Amino acid sequence: MFDPFLEYLNKSIQAKGGTSLFVPKYFSNCLSKKGNSQIQSWLWDVPGFRRWRVTRLDAGNKLQVLNSVAYPQYNNDMPIMGIDLLWFESQGKLVSVLDFQPLKQDKIYLERHFLGLRKLRESFPELANQEHMNSFDPNQYFSPWVLFCKGGIEEAQGPLLLAFKDFLKIYLALQLSSSESPSDIEPEEVKLLHDSYDNYSLERDPAHGLFSAYFGQEWSDRFAREFLFPSHASSNTLD
Ligand code: BLA
């Protein structure tokens with residue numbers, strides 16, 4: 001379901017000057033215990049970003065996932081890009097989340113970074129039903145203009161790819177414009193806010209149970225701590 005999305009994402013990253021980085025085999029490609037599901041991950045070195053990861057899960061008609069997070073460099077206080085697209089084919093169920101994940105929720109910050117996402121959301125009202133969001137706190141690390149959709153095949157095959165392409169374009173344009181003017185938030189504080197994003201996400205990640213079922217508890221713990229959210233709090237304390 002998400003192949004054209006992944007292809008567009010890879011092309012956009014490369015057009016921005018991104019090059020792929022080595023990911024240990026343990027994380028880059030893992031087969032489920034039964035051998036019928038696969039999870040693949042990639043890391044990109046992209047100018048203006050300190051980390052950009054992409055993961056695809058293929059569990060056949062049970063579940064397809066495309067997940068990606070882009071962390072800007074610490075000298076740019078723009079939002080983190082978050083993508084989580086899930087297609088449960090046998091249930092005909094789509095869960096799609098596209099957001100510029102804000103480091104702060106104050107009005108000035110939101111006005112500085114969200115004009116583009118706001119406009120995009122006005123063009124895709126069918127992808128905005130976050131009153132159905134339950135396992136995250138929409139007021140923390142999610143923006144008021146998150147494109148959140150619990151839907152079906154109409155949304156998955158219709159507007160989602162169009163919205164996805166515009167979403168990436170707008171995010172990359174924001175990276176360019178925001179890197180041309182100084183940030184309001186100091187790099188040291190941006191780092192703390194990125195760390196706390198990883199911490200928050202690690203604690204709440206709804207994928208952990210699912211990963212454990214497919215790939216085992218040990219692999220899932222390590223994948224979450226070392227690949228998905230490597231800046232979580234316990235990684236910053238000395239052993
Ligand atoms: C929901 N994300 C989910 C769910 C799963 C995943 C299984 C629950 C789906 C359901 O409601 O049935 C899966 N998350 C994954 C997978 C990865 C992952 C496979 O990280 C692999 C790497 N999640 C993110 C990011 C965002 C995000 C970056 O990883 C932000 C854009 C959001 N995921 C997010 C939200 C929900 C979700 C808001 C819905 C929670 C809800 O139902 O309220």
Does L120 satisfy the criteria of being at negative phi, open to solvent by less than 50 Å² (accessible area, probe 1.4 Å) and in a helix (DSSP H, G or I)? yes
Take the residues in the range 72-101 that are among the hydroxyl-bearing types (S, T, Y) and not in a strand (DSSP E or B); name whichever of them is farthest from the ligand (Cβ to nearest atom). Y74
Where a residue in the range 164-175 is at pLDDT below 95 and its partner, wherever it lies, is open to solvent by 10 Å² or more (accessible area, probe 1.4 Å), with Cβ under 6 Å and at least six apart: none
Scan of the range 102-115 for residues that are crowded, with 16+ Cβ neighbours inside 10 Å and within 16 Å of the ligand (Cβ to nearest atom), ordered by number: P102, L103, H113, F114
Need at least 3 residues that are open to solvent by 50 Å² or more (accessible area, probe 1.4 Å) and either in contact with a His (Cβ under 9 Å, 6 or more places away or on another chain) or away from the ligand (no atom under 11 Å from the Cβ) (or both) per element, so show me which helices (runs of 4 or more DSSP H) inside the range 137-239 make the cut, counting only ones lying wholly within it. 153-157, 159-179, 187-204, 217-222
Using the structure shown, decide if S68 is closer than 18 Å to S201 by Cα, of a type in the set (S, T, N, Q), open to solvent by less than 20 Å² (accessible area, probe 1.4 Å) and at pLDDT 95 or above. yes
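The values are calculated or read from the model by the stated rules, or taken from the named source; none is laboratory data. Small disclaimer: the values here were computed from a predicted structure and weren't measured. All Cβ positions, glycine included, derive from the backbone under ideal geometry; neighbour counts span all protein chains shown. Surface areas here come from the heavy atoms of the whole protein model, side chains and all, with no ligands, DNA or RNA. Shrake-Rupley method; radii C 1.70, N 1.55, O 1.52, S 1.80 Å.
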